[in-house]
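Reviewing the structure listed below.
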Amino acid sequence: MTVVSDHVIPTTHRGAAHLRATGTASARVPSDPARRALREQALARLAQRTMPLPGRPFGVVADDGTVSAHDCTCGRHRRSDTAGPRADLPRPRLSDREIEVLRTWMHVDSKSAVGERLYISLGTVNTHLARIRVKYGDVGRAAPTKAALFARAVQDGIIALDEL
């Protein structure tokens, strides 16, 4: 079915103006080089940011490759040459299988999917995760949610953000 309209409502939308002026539809309106450069700089700054973990400082990578961390709670700044696992945090002694279950759970959407991948039952997955949570609680680093467990795994170097 073809619909023909002889009444077109004028609009001030930039995309519509571009369509009228050039005769071509474009999702992006051309911009001047200065505006494009500012956009590229802003995107570069955003790419350097890291996600803050619960209770931990967040940081921005400087031009020289070091990380400048800012503590949200008190406004202190500090410099760090490494952004890897935290050696100053107490670590629980997780078994190889617990680490495997934890890593797999971070990569999939559900506990049942973990069971399917590792050929174990849902109850076994729940048991492993419960033991992991108890072990983190025993060292004073409670992790009651999946997000908290993910943060602990990143802090301990069990999983890297690049893997996801």
(request) Read through the list (1) surrounded by 11 or more Cβ atoms within 10 Å (Cβ to Cβ); (2) modelled with pLDDT under 85, then give the number of the only condition that Ala87 fails. (result) (1)
(message) If Arg117 meets every condition in (1) charged (D, E, K, R); (2) at pLDDT below 95; (3) surrounded by fewer than 17 Cβ atoms within 10 Å (Cβ to Cβ) apart from one, which number is that one?
(response) (2)
(request) Report, by residue number, each residue of region 97-114 that is farther than 14 Å from Ile132 by Cα, among the polar types (S, T, N, Q) and assigned to a helix (DSSP H, G or I). (result) Ser112
(request) State all residues of region 131-164 that are more than 14 Å from Trp105 (Cα to Cα), of a type in the set (Asp, Glu) and either at pLDDT below 90 or not in a helix (DSSP H, G or I) (or both); if no residue qualifies, say none. (result) Asp156, Asp162
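The values are calculated or read from the model by the stated rules, or taken from the named source; none is laboratory data. Because the structure is a prediction, the values reported are computed rather than measured. Please note: Cβ atoms are built from the backbone with ideal geometry, for glycine as well, and neighbour counts cover all protein chains shown.
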